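**Q** Quick one: this structure, given as structure tokens, is what I'll be asking you about.
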Amino acid sequence: MATATLEFDETAERLFTHATQHAHRLGYRFGDGAEQDLRGLCQKAASELGGNVIGLAGTRSAGGEVKLRQSEVALEVFVEEMVKAAQTQPDYLATNSNMIGEQTFAVALRNLCPIWPICP
């Protein structure tokens, strides 16, 4: 059980780190609320992946790694949708310089769900 919990935590953290790095590559950072929401989304995705990621002896199966990469791509699309929302909402960037926050998070959820595996 401890190995499964560790794997879940590692998967969620890998997804969160990937999304954060993607935002940085695009020139943005997450606001505190959006960061917390994103962590929850990554935990949900890690839970959704569940046994699809963990192979025998606690190692990632080849199929699990593919599903994990698909999840990373879904998060990239999600972050890009947040950036698009920030750029298209009137005065958003004027008051939230290079930050993507809870408002843009909500827009991305609304526009993209039910994108697997990150949507509630």
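**Q** Taking the simple approach of a point 7 Å from Cα along Cα-to-Cβ for both Glu48 and Val77, what is their distance in nm?
**A** Using points 7 Å along Cα→Cβ, the separation is 1.0 nm.
**Q** Another question, if that's okay. Taking amide H atoms as placed 1.01 Å from N in the peptide plane, list the residues 5 or more away in sequence, or in a different chain, whose amide H sits under 5 Å from that of Phe30.
**A** Residues meeting the criterion, in which the H sits 1.01 Å from N, are Ile100.
**Q** In the neighborhood of Val107, defined by Cβ-to-Cβ distances under 9 Å, what is the net charge if each Lys or Arg adds +1 and each Asp or Glu adds -1?
**A** Details: positive: Lys84, Arg110; negative: Glu81.
Surrounding charge for Val107 is +1.
**Q** A further question follows. Taking the simple approach of a point 7 Å from Cα along Cα-to-Cβ for both Glu13 and Leu93, what is their distance in nm?
**A** The modelled label-to-label distance comes out at 3.4 nm.
**Q** Test of understanding: what is the full-extension gain from Ala106 to Lys84, defined as 0.36 nm times their sequence separation minus their Cα-Cα distance? Walk me through the numbers on the way to the answer.
**A** Working: separation 22, 0.36 × 22 = 7.92 nm, distance 1.23 nm.
Full extension of this stretch gives 6.7 nm more.
Here, each number is a calculation from the coordinates, and none is a lab measurement. Bear in mind that the values here come from a model prediction, so they are computed numbers and not experimental data. No Cβ is skipped: glycine too gets one built from the backbone with ideal geometry, and neighbour counts run over all protein chains shown.
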